[in-house]
Each structure stands twice: as C-alpha cells, then as structure tokens.
Amino acid sequence: MDWTILIYKTIFLFIILLVTLLVAMYSTYGERKVAAFMQDRRGPNRAGPFGLLQPLADGVKMFMKEEIIPLSANRALFILGPSIAMTTALLTGVVIPWGGIITIGGREFSLQIADLNIGILYVFAMVSIGVYGIMIGGWASNNKYALYGAIRAASQMISYELAMGMSIVALVITTGSLSLHEIVAQQHGMNWNIFYQPLGFLIFLTCAFAETNRAPFDLPECETELVGGYHTEYSSMKLGFYLFAEYINMFISSAVIATLYFGGYNMPFIDQLGLSQNAVTLLGTMFFFMKILGMIFLFMWIRWTLPRFRYDQLMNLGWKGLIPLAIFNILATGIFYYFTELS
Amino acid sequence: MEKLTNRSRVVSDKKMTFLEKIYLPAIVKGMIITLKHFFSKKATINYPEQKREFSKVYRGQHVLKRDDLGRERCTACGLCAVACPAEAITMIAAERKPGEENLYREEKYAAVYEINMLRCIYCGDCEDACPKEAIFLTDRIVASQYHREPFVYGKDILVEPLDPEKRIDVSARQTESVRNFKLNKRFAHNK
Ligand code: SF4
Ligand code: SF4
C-alpha cells in the first residue's frame, strides 16, 4: 500500500469525524432553536451571539455533572452501553461518499473513506449493532423503566429494520448495485432515486425515524411513561454519549437518505457550468451537506409536529402497514423492471 | 344544552377512512401549521434588553411617599395593615421627638415598616386604605432573589429618596378622583 493514500485516508477520516461531531453538536442547538421557533419562542440566545456557544456550555455542563453508577447496576455493561451506542453511530460515516474525486498534485483522491461493494449492508449492520448499545445500557441499569425502554427499543428496531431492508431491496433492483459510490454515480444530474422509488422513500424515511428513536417513534425514551427510558439511570457524560449518539445517528441517517434517494453529491445542471473537476467536487460536497441539513431539519420538523405513537399503534404501523407496503413495492418494482428489461 | 365554547366537537369512534388511515394528509397538514408558526412573530421578548409596556396604573413594588418638604407621610395608623388581605404589612409605631419635625409629618411615625413581597398579592388595598396618601403601588418590578429573607422590604427600600429629582412618580395612581374618594366623608375611613 502506498503511503500517500494511507496518510490521506487518515487525515480525511479525522476530518469526517470532526465534521460529524460538529454537525451533531450544532444539531442539538438547531433542535432547540427549531423547537422554540415552532412554539413561538426564541430558543437559546444568551451564550454567545445568537446563543451559538450553547452546545459548548451544554457539553461543559455534562462533564461537570456527578458521575453516578447505581450500586445494583452491572458496572462493566453499564459503561459498555453508551460506548457501543457512540461507536456504532460514528462508524457508519465511513462508507458514505461525501463527494466526488479531488485532484491534488496530479493524483486523484476520492472523498469517500471506504468504497465497500456492499456499502448499504455495512450501514445496516452498524445500525443493528447500535441497538445493542441501548439494550445493554437499559438492561445493565437494573431499573424497570430502563429495562422497559430497552425492550421497546429492541422490538421497535427489529420491526422497522425489516421494512427498511425491504425498501432497500426495491432500491437495489432499480440501481443494480449495493455500493453507495455506485448508487450515487448513477443518480447523476437530476436522475435522483426518489423519482423512481417514491413509495420506497416514504417507507425508508418512516423507518429511519423509528431506527433513530426520534419522535413520533421515541418510545424507548418516552419520558411521560418511562421517566427517561433506557437512560433513566445514566448521568454525566455517559448520558451525554447516549444523547449525542442520537444526534449523530440523525446526521448519518440524513446522509444515507440523501445518498440513496436525493443523489448524494450530485447537483442538477452541474455539467452545463463547465467548471474544473475540483470545483465540481467541492460544490457537490457543499450541495450534499445542504441536502443533509435539509433532512435534519425535516427530522426536527416532524418531531415538533407529531405526538408520540402509542406502542400498539407503532407495532401496527410497522408490521401491518409498512412491511406489506414494502413487499408490494418490491413486487411492483420487480415486475416493472422484468417487463421493461424484456422489451 | 348550550355549548360553552364554539370549539367543542362531538367525539365519535367511527371507522377511519383510507386517507385518515395512512396518516399522511394529516401529517402534512400538521407540518404546514408548525411551519407557519416557525415564521410567525414570537410571543417571547428578549427580557432584560426589551421590556413589556406596563399599564400606567400597574401595581408593582410599593413606595412610601414623602411630602413636598421631604417629610415621611406615613403616620403608622395601621390601616394598610388591617386592609391587607394577605397580611403582608407589619409596622412598629414611634412618637416624633421635638426636633424631628423635618423628618416626619405627623406626631406619630413608623419606626419599622415592612412589607413581605412574597405574601403581597399586589391588590392595592393598602393604597386605598391609607388616609395620608403615604403608600402607593408603582410600576416597578420586585427583583428576584435567591433567598426568602431579602423579600421582606423595610423602610430603606420602601421610602422614596429625599432628593426631589429621584422622587417616585405616582401621579398615574394619585389622581384627583382618588383624592376625592379618600376625602369623602361618606366612607367609613373618614368618619
Ligand atoms: S398590595 Fe394588597 S397584599 Fe400587597 S401589601 Fe398592599 S394590601 Fe397587602
Ligand atoms: S395606612 Fe398609610 S399612614 Fe397608615 S400606616 Fe399605612 S401607610 Fe402609614
């Protein structure tokens, strides 16, 4: 292996890590602002200009809090829970193509850390492991509310992963590839997958809300019934990790949705502008981030609009609504492509 | 039965139609509503920089007035304390010594005069009861504190400053009609 590539990948990895953390940090700020604005309030505006230092203040607060590990909790697992949640949340960013190809000194570098040929499956694997973080944390707390939250999280994630996977199957039929790089490349210009898979997109979006434990599917941490859900017993930065992991997950799922359905870093009419390769790549990355931020806004918008589902409604929607729909979507896509391919 | 508001709805558990069952139209409708609020004028104001306008006769922190010569008007008659529904006022009376005529207007004065701002409900009854026009409520806000003790305001806070420039203006509440009412012999307090 050639050294420049290794160095480049390491640097790029750190940049992505920092950007992910930064976006997640400011999502907390954004969330509070969006919530406030939708409720005719002003939101945090005291720490720094427009309250921009608020996430820092929150972070400091989290670190200063007393660290409590309940006596009856399983110490090792109690610490393992938030670590898993945070690690898996961060791992997913590796396969996302953040941009096209950039040329430095005659060498081409791709703005994607690892172009796995089964990129989508990797994302799914990571998301599935993420649920262990919640489960282990909730179970190790030795608290009935936490356990309830953990059980809910587990069953909710399993139910919605099915429908999510099936909506991806239909997408894979249209694109013919599991590699995220390939999928983005195919959506060049305005050739976005959402126009081919609108139903699949809706299913995927709904499942993404459920997978990230965001309202209206935030039953695992449903504060009205379960105190704090799986993180009832957590305090200090361990709680911070759980909350932070949720925002990272939101960022990553926004990125995945933008990649799969909104053409990733592709911009409409970019070919007509006649820009150099590097400029196109940079513009594309910026455009990609705009899409991601738009998706994050959608996440928040939904959260502050819809009330929480009841648990039976959640299961009904998952098993009786989304899964049949997803199967129907696969069938319809399959039949459509079978006949168009034949002709 | 007559409806109390026009917002009441008859509740029924009829089967949901298809459009209701897929939730989407309702979700979109809700999202449009929240988006409208996103851009609407905010109900909150930036408090310390920006203050809400009070009514001219707002009932806030009390002031114990001095007369034009700078003498305290209160004569420690205790009528305000009796009138107070919250029993927020306590006082200790004292007799004016010779030579103190420039300090106190009447022969008897309040050596201690305390209002517990946590008990007070800002009804203004003390002001109505006062025959000497000594106590008034003003449009000042009682400052917040971390403990209870500082909320018991003594004469150091209540009595207005001597300096004519710094006198508290109560002209909005001390109108001619208020004065006439107080001087009217028909009412019990003047008999
Ligand atoms: S305003 Fe009312 S409650 Fe307050 S001190 Fe006067 S009489 Fe008592
Ligand atoms: S009613 Fe007036 S004069 Fe009498 S004690 Fe109260 S403030 Fe003083």
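The values are calculated or read from the model by the stated rules, or taken from the named source; none is laboratory data. This is a predicted model, so every value here is computed, not measured. Here the Cβ positions follow ideal geometry from the backbone for every residue, glycine too, while neighbour counts run over all protein chains shown. Heads up: the accessible areas ignore ligands, DNA and RNA and are worked out on the full protein's heavy atoms, side chains in. Shrake-Rupley method; radii C 1.70, N 1.55, O 1.52, S 1.80 Å.
Numbers for the structure displayed
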quantity: Cα gyration tensor category, rounded, prolate or oblate, for segment B:57-113 with a/c compared to 1.5; calculated: oblate
quantity: Calculated [θ] (222 nm, deg cm²/dmol) that DSSP helices of n ≥ 4 give over chain A, each run adding -39,500 (n - 2.57); calculated: -22000 deg cm²/dmol
quantity: B:Ser8 accessible area, assembled protein chains, probe 1.4 Å, Å²; calculated: 50 Å²
quantity: Unsatisfied cross-links (Cα-Cα over 23 Å) in the set B:Lys51/B:Lys166; A:Lys144/A:Lys238; B:Lys21/B:Lys42; B:Lys108/B:Lys132; A:Lys320/B:Lys14; calculated: B:Lys21/B:Lys42
quantity: Table column - 3J(HN,Hα) (Hz), segment A:249-257, Karplus curve with 6.51, -1.76, 1.60, x for Gly and Pro; calculated: 4, 4, 4, 5, 5, 4, 5, 5, 4
quantity: Interface size B-A, as summed buried accessible area [1.4 Å probe, Å², nearest 100]; calculated: 1600 Å²
quantity: Protein-protein interface of segment B:15-42, residues with accessible area decrease of at least 30 Å², isolated chain reference, 1.4 Å probe; calculated: B:Tyr23, B:Leu24, B:Ile27, B:Met31, B:Thr34, B:Leu35, B:His37, B:Phe38, B:Lys42
quantity: Against the rule of thumb 2.2 N^0.38 Å, how large the Cα Rg of segment A:1-73 comes out; calculated: 1.64
quantity: Rg [Å, one decimal], Dmax [Å, integer] - segment A:116-233, C-alpha atoms; calculated: 16.8, 53
quantity: Loop GluC sites (Glu not before Pro), segment A:1-101, which have at most 15 other Cβ atoms in a 10 Å radius of their Cβ (DSSP); calculated: A:Glu66, A:Glu67
quantity: B:Leu183, A:Leu80, reordered so the largest accessible area comes first (probe 1.4 Å); calculated: B:Leu183, A:Leu80
quantity: Where trypsin sites (Lys or Arg not before Pro) fall in DSSP loop in segment B:135-175, at most 11 other Cβ within 10 Å; calculated: B:Arg148
quantity: Histogram of C-alpha separations across segment A:1-126, 10 Å bin width, %; calculated: 10, 26, 27, 26, 10, 1, 0
quantity: Relative contact order computed over chain A (Cα-Cα under 8 Å; 6+ residues apart), in percent; calculated: 23 percent
quantity: Over 32 Å (Cα to Cα) - which of B:Lys56/B:Lys155; A:Lys291/B:Lys15; A:Lys33/B:Lys29 fall in this group; calculated: A:Lys291/B:Lys15
quantity: Residue-level accessible surface for B:Cys80, protein heavy atoms, 1.4 Å, Å²; calculated: 10 Å²
quantity: Long-range HN-HN contacts of B:Val152 with modeled amide H, under 5 Å; calculated: B:Met117
quantity: Averaged over A:27-37, number of beta-carbon atoms from partner chains that fall within 10 Å; calculated: 1
quantity: GNM flexibility winner over chain A from A:Asn117, A:Asn213, A:Asn249 (Cα, springs under 10 Å); calculated: A:Asn117
quantity: Accessible surface of B:Glu101 - all protein chains present, 1.4 Å probe, nearest 10 Å²; calculated: 80 Å²
quantity: Percentage relative contact order, segment B:62-190, counting C-alpha pairs under 8 Å, at least six apart; calculated: 29 percent
quantity: Helix A:119-140 vs. chain A, principal-axis angle (Cα, 0 to 90°, nearest 10); calculated: 0 degrees
quantity: Cα gyration tensor shape for segment A:251-343, rounded if a/c is under 1.5, else prolate or oblate; calculated: oblate
quantity: The protein assembly as shown - Cys residues lacking any other Cys C-beta under 4.7 Å; calculated: A:Cys207, A:Cys222, B:Cys74, B:Cys77, B:Cys84, B:Cys120, B:Cys123, B:Cys130
quantity: Cα gyration tensor category, rounded, prolate or oblate, for segment B:62-190 with a/c compared to 1.5; calculated: rounded
quantity: Whole-percent carbon and sulfur share, accessible surface of the protein assembly as shown, 1.4 Å; calculated: 64 percent
quantity: Occluded residues from segment A:39-61, i.e. those whose accessible area drops by 50 Å² or more once the chain is not alone (1.4 Å probe); calculated: A:Asp40, A:Arg42, A:Arg46
quantity: At least 50 Å² of accessible area lost relative to the chain alone, listed for segment A:288-303 with a 1.4 Å probe; calculated: A:Trp301
quantity: 1.4 Å probe accessible area per residue over chain B, in Å²; calculated: 72 Å²
quantity: Per residue, in Å², the accessible surface of segment A:1-55 once ligands and nucleic acids are set aside, probe 1.4 Å; calculated: 57 Å²
quantity: Rg to Rh, two decimals, where the protein assembly as shown supplies the alpha carbon set and Rh follows Kirkwood; calculated: 1.17
